[in-house]
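A.B. asks: Submitted below is the structure of interest, expressed as structure tokens.
No value in this document is a laboratory result; all are computed from the given coordinates. From a predicted model like this one, the values you see are computed outputs, not experimental measurements. Cβ placement follows ideal geometry from the backbone for every residue including glycine, while neighbour counts extend to all protein chains displayed.
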Amino acid sequence: MTAASYGDAEVARVLIEAGAQLDLTSSATAGGVPGGTALLHAAVFGMTDVVDALVAAGTPIDAVDERWGRQALRVARENGRANSVHHLISRGADPGQPDVSG
């Protein structure tokens with residue numbers, strides 16, 4: 001994840017804390033789920049409050065990121081983010097859900 005990815009997730013946090021209503025419909029691209037990229041970034045950076053806000057706004061917990069075709073749980077696990085992995089599973093993420101690479 002890049003510094004820009006962290007910045008995007010941090011901006012999402014600030015907006016959520018300010019009471020912004022999230023419009024996830026504009027972020028979908030071919031094959032992706034709206035909000036999937038934001039969910040992935042939030043999980044990788046341990047922003048569990050942002051994860052919760054995105055899920056509450058309608059992003060499926062196992063959403064596939066529209067850029068990389070991966071789920072937040074898988075990427076959090078690959079990056080050693082145990083807190084995010086635990087949080088995602090406690091919210092219903094499926095550890096057996098395959099991604100684009102199986």
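A.B. asks: What FRET efficiency comes out for Q97 versus A57 if R0 is 30 angstrom and r is the Cβ-Cβ distance? Round to the nearest 0.05.
C.D. replies: 0.90
A.B. asks: Check V64: other-chain or 5+ apart residues with amide H under 5 Å from its amide H, H built from backbone geometry?
C.D. replies: V33
A.B. asks: Something else now. May I ask you to compute the full-extension gain from S90 to W68, defined as 0.36 nm times their residue separation minus their alpha-carbon distance, rounded to one decimal in nm?
C.D. replies: The span from S90 to W68 would gain 5.5 nm if fully extended.
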